[in-house]
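Take a look at the structure below.
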């Protein structure tokens, strides 16, 4: 049997919190140079899935591997191949941008000239080289988001997990973040991107995985997923895809009820 070429492979992940099943058998694979979007309503299990993939939460069942190497509680070397950009901004406000990157780099065993080079490259990528000595307390929300991404990149991971990285940022910052992510794909990173914004998935993702109630309800390219929409009457206005939009598909699969 040929080895699995996927850089990241999550198989049959399961996690319950008490009597609540948060994730119930989720599988996904991401190749190098590919962005896979992870979509779902609130409570679908996206963040729990991300936490299991990066080793922050121990799954009740299932496996996660990177190039065939298992990610587990004691798999420190493999975990170093993962970069996580969490929903909540995770920065030390009283340290400079460089200070934050030095701290995160040191956590991965980087030091000296190697760390300095990685810091410079990360700041250049996210467009913050000119603010390297400034503190995040003086940054806008978009700048903080971009520095958060830089902190996840300083150790040059193979796999990047982005959990709603554009929440609360202005259009210019969102566009800059998109450009960063597209550049990382071009460098061969395997990227998982969770978002509530359908247009982000449309622009960035090579494949899309839609979750609901802890399960995968659809997975594939946008083109293949759109075939799941039922026929409809002729639209009142001309649309790029006469079958509908990705948002139409999302609501078709997950329902229109409010999720709080």
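Working only within segment 57-74, note down all residues that are modelled with pLDDT under 90 and surrounded by fewer than 17 Cβ atoms within 10 Å (Cβ to Cβ).
Answer for segment 57-74, where residues must be modelled with pLDDT under 90 and surrounded by fewer than 17 Cβ atoms within 10 Å (Cβ to Cβ): 68, 69, 70, 72, 73, 74.
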Filter result (in contact (Cβ under 8 Å) with a residue 60 or more places away in the chain and farther than 17 Å from residue 148 by Cβ) within segment 188-197
188, 190, 196
Answer yes or no: is there a residue in segment 143-164 that is at pLDDT below 95, over 23 Å from residue 51 (Cβ atoms), part of a helix (DSSP H, G or I) and under 22 Å from the mean Cα position of the chain (by Cα).
yes
Tell me which residues, restricted to segment 126-142, are under 16 Å from residue 95 (Cα atoms) and in a loop (DSSP other than H, G, I, E, B).
128, 132, 133, 134, 135, 139, 140
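Looking only at segment 201-221, which residues are over 26 Å from residue 14 (Cα atoms) and either without any contact (Cβ under 8 Å) to a residue 60 or more places away in the chain or in a strand (DSSP E or B) (or both)? Don't jump to the end; show me each part of the working.
First pass over segment 201-221, keeping only residues over 26 Å from residue 14 (Cα atoms): 202-204.
If the condition is that a residue be over 26 Å from residue 14 (Cα atoms) and either without any contact (Cβ under 8 Å) to a residue 60 or more places away in the chain or in a strand (DSSP E or B) (or both), then 202, 203 are the ones that fit.
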Name the single residue, out of those in segment 183-196 being outside any loop (DSSP other than H, G, I, E, B) and touching a strand residue (DSSP E or B) at 6+ places or on another chain (Cβ under 8 Å), that is nearest to residue 42 (Cα to Cα).
194
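The values are calculated or read from the model by the stated rules, or taken from the named source; none is laboratory data. The structure presented is a predicted model; accordingly, all values stated were derived computationally and were not measured. Here Cβ is always computed from backbone atoms with ideal geometry, including for glycine, and neighbour counts include all displayed protein chains.
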